[in-house]
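Here's the structure we're looking at; comments come further down.
The values are calculated or read from the model by the stated rules, or taken from the named source; none is laboratory data. Since the structure is predicted, the reported quantities are computational estimates derived from the model, not experimental observations. When we count neighbours, we look across all protein chains shown, and the Cβ atoms used for this are built from the backbone with ideal geometry, even at glycine. The protein model used for the area step is the full one, side chains on, heavy atoms only, and it has no ligands, DNA or RNA in it. Shrake-Rupley method; radii C 1.70, N 1.55, O 1.52, S 1.80 Å.
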Amino acid sequence: MLSIATKVEQIVMESAFLSEGLGRGLLNLSELARQLQPQLQSDLWKPVGQAAVVMALRRLAERMPQQKSGEIVLAHRAGELSTRSELMIFTYRYSDQTYDCQRQLLALAAPQRGTFITVTRGVNEVMVICSRSLHALVDEVFGGEQELARLERVTAVTLHLAPETCYTPGVYHAILKRLAWERINLINIICTYTELTLLLEASQTGAAFSVLSKIVAQ
């Protein structure tokens, strides 16, 4: 059985809004405790007093590291921010044939200049991100595989970072937190050594680009 303090910490740390506000001392602990009471009582299966929740919040705030506006180190070259629209995402259950499907897909897509395609393999799933124009090819090659999900009208926004960000704790959190504050939902994230690519619904491209442009302009 979880304690009140453990459950309070779990709820706060799962929310970018609560963790940021608590770390900066911006929240009214009594009011927050009152709002958390119903969830805590439901999750813990017992009555939870407001004073106990306030105490848990205060102790958590004291243990949290001092919140600072971390510096995001961008690549020192033109075009730090780029977008690619008209993408689709396919997710399939991984099978013994997946590797052959992946190899065949990349070989057939290679001659089609100007298109985008990348394949990411997880433990039990494989994800194909490609230009919309390649969707028929993906359907053909992976036709015998179990499709788990398909997302259309996806846009990729790529932020180019300096190599030293690889050794900067919290740099991705600082970027994602700003998007979360604007209620921008990310479908997926792709990271390479100096690139952070955010996949989102086409309808949220403008809002995401606005937030990221401010980061670039800093």
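Distance between the pseudo-spin-label points of residue 96 and residue 62 (7 Å out from Cα toward the beta carbon): 6.0 nm.
Placing unit charges on the Cβ atoms of the charged side chains and taking the dipole of segment 87-214 about its Cα centre, the candidate lying farthest along the positive direction among 169, 112, 144 is 169. The length gained on full extension between residue 120 and residue 162, counted as 0.36 nm times the residue separation minus their Cα-Cα distance, comes to 12.8 nm. Legend: translational diffusion of the chain by Stokes-Einstein, Rh = Kirkwood radius over C-alpha pairs, 25 °C, 0.890 mPa s; D = 120 µm²/s. Amide H to amide H distances under 5 Å link residue 86 with 154, where only residues 5 or more positions off or on other chains count and H is placed in the peptide plane. Annotation: per residue accessible area for the chain equals 58 Å², rounded to a whole number [probe 1.4 Å, protein chains only].
By a straight-distance test (C-alpha under 17 Å), which aspartates and glutamates pair with residue 177 as possible cross-link partners, with residues fewer than eight away in the same chain excluded? Candidates past the 8-residue exclusion: 14, 20, 71.
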